[in-house]
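The values are calculated or read from the model by the stated rules, or taken from the named source; none is laboratory data. Note that this is a predicted model, so its numbers are computed, not measured. Counting neighbours? That spans all protein chains shown, and the Cβs are built from the backbone with ideal geometry, glycine included. These accessible areas exclude ligands, DNA and RNA; they are computed on the full protein's heavy atoms, side chains included. Shrake-Rupley method; radii C 1.70, N 1.55, O 1.52, S 1.80 Å.
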Amino acid sequence: ALTGATLAAPGLLHAASPTQALQGGAYGTTWRVVLPDTHVDRTALHGRLTAALEAIDRQMSPWKPDTALSRLNRAPAG
């Protein structure tokens, strides 16, 4: 599919450097990171991103009853 940037500046399509994408799921949705195709250890980076997002999900998910956010929402006022 062509994007607006490709339609507006078709020369960018040929000049763009290669990219790589990492993706996963967290917080009831999916995530995707696109970065330059460098000599980065994709497996290690994916693991670090997944761990960070899972930590946030464990604390802040409104869908999981045992998260800090859910406990706060159930607590009485005051």
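Comparison of Leu22, Leu72, Leu45, Leu53 shows that the only residue that is part of a helix (DSSP H, G or I), at pLDDT 90 or above and open to solvent by less than 50 Å² (accessible area, probe 1.4 Å) is Leu45. Every condition in (1) in contact with a Gly (Cβ under 7 Å, 6 or more places away or on another chain); (2) open to solvent by 50 Å² or more (accessible area, probe 1.4 Å) is met by Trp31 except one, and the failing one is (2).
Within region 56-66, restricting attention to residues that are open to solvent by 50 Å² or more (accessible area, probe 1.4 Å) and in contact (Cβ under 8 Å) with a residue 12 or more places away in the chain, the residue that is farthest from Leu22 (Cα to Cα) is Trp63.
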